[in-house]
Amino acid sequence: MKVAATLTVNGAAYPVELHPHTSLLAAVRDAIGLTGSKEGCDDSECGACMMLLDGKPVNACSYLALQAEGSEITTVEGLAEGGEPSPLQRAFLEQGGVQCGFCTPGMLISATALLRANPQPSEDEVRIALSGNLCRCTGYDGIVKAVLSVASAAPATRRTR
Ligand code: FES
Ligand code: FES
């Protein structure tokens with residue numbers, strides 16, 4: 001039996017009807033039609049499905065969609081700013097952070113969450129923040145360089161750690 005719910009994705013409210021066991025990933029991709037988030041492992045291992053839930057990255061393949069009702073869900077489609085790619089999205093392109101691109105949506109979500117919490121992370125902090133995101137192309141250096149290039153362009157902040 002399906003249950004009526006409303007999911008708020010990238011600032012828009014979407015009325016949906018979902019089975020109680022439907023994952024957030026399936027709801028967003030199949031019921032809402034936003035296919036930027038990818039299904040890799042479907043088992044919380046690869047991070048390809050990552051979305052922000054009230055600003056925190058979650059593996060949407062392993063999160064029940066109905067539990068996300070009432071939260072702000074952000075997918076890779078919601079990272080653009082004023083219809084233009086965000087600085088992080090541009091940096092991925094410029095620094096060779098996009099190869100086959102399958103992992104890219106999840107990488108962008110994790111890195112966005114990191115940069116919002118810590119605008120000037122160290123390389124180690126970037127690598128730790130992205131440790132839940134697997135790139136099968138193994139081209140992590142371009143991805144890390146992209147995140148660090150945005151960090152180095154951020155206004156200097158006093159670090160408290
Ligand atoms: S598809 Fe969700 S973690 Fe791999
Ligand atoms: S760019 Fe291919 S999986 Fe990462």
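Rounded, prolate or oblate for the stretch 81-161? Axes are the square roots of the Cα gyration tensor eigenvalues, ordered a ≥ b ≥ c, and the cut-off for rounded is a/c under 1.5.
It is oblate, given that a/c is not under 1.5 and a/b is not larger than b/c.
Quick check on the stretch 43-93: take the gyration tensor over C-alpha atoms, sort the square-rooted eigenvalues as a ≥ b ≥ c, and tell me if it's rounded (a/c under 1.5), prolate or oblate.
On the way: a/c = 3.31, a/b = 1.57, b/c = 2.11.
Since a/c reaches 1.5 but b/c is at least a/b, the shape of the stretch 43-93 is classed as oblate.
Take each of the peptides 133-142, 77-86, average the number of other beta-carbon atoms within 10 Å over its residues, and list them starting from the highest.
Packing order, densest peptide first, comes out as 133-142, 77-86.
Mind listing the phi-derived Karplus ³J(HN,Hα) values for the stretch 22-29, rounded to whole Hz, using 6.51, -1.76 and 1.60 with θ = phi - 60°, and x for any glycine or proline?
So the J values, rounded to whole Hz, are 5, 6, 4, 4, 5, 5, 6, 6.
Mind checking which aspartates and glutamates have their Cα closer than 17 Å to the Cα of Lys2? Skip sequence neighbours fewer than 8 apart in that chain.
Glu17, Asp30, Glu69
So what's the net charge close to Pro85: Lys and Arg +1, Asp and Glu -1, counting the other residues with Cβ under 15 Å from its Cβ?
Around Pro85, the surrounding residues sum to -3.
Heavy atoms only, probe 1.4 Å: what % of the accessible area of the chain goes to carbon and sulfur, would you let me know?
52
For the chain, what does the accessible surface come to per residue with a 1.4 Å probe? Please give it in Å². Provide the component values of the computation, followed by the final result.
On the way: 8270 Å² over 161 residues.
Per-residue value: 51 Å².
Per DSSP H run of at least 4 residues, take -39500 (n - 2.57); add these up for the chain, divide by its residues and hand me the 222 nm value, nearest 500 deg cm²/dmol.
Estimated from H runs of four or more residues: -8000 deg cm²/dmol.
Which distance in Å, rounded to a whole number, links the C-alpha centroids of the stretch 45-87 and the stretch 1-35?
Using only Cα atoms to place each centre, the spacing works out to 13 Å.
The values are calculated or read from the model by the stated rules, or taken from the named source; none is laboratory data. These numbers come from a predicted model, not from an experiment. Here Cβ is always computed from backbone atoms with ideal geometry, including for glycine, and neighbour counts include all displayed protein chains. For the accessible areas, the whole protein counts, side chains as well, though only heavy atoms, and no ligand, DNA or RNA atoms are used. Shrake-Rupley method; radii C 1.70, N 1.55, O 1.52, S 1.80 Å.
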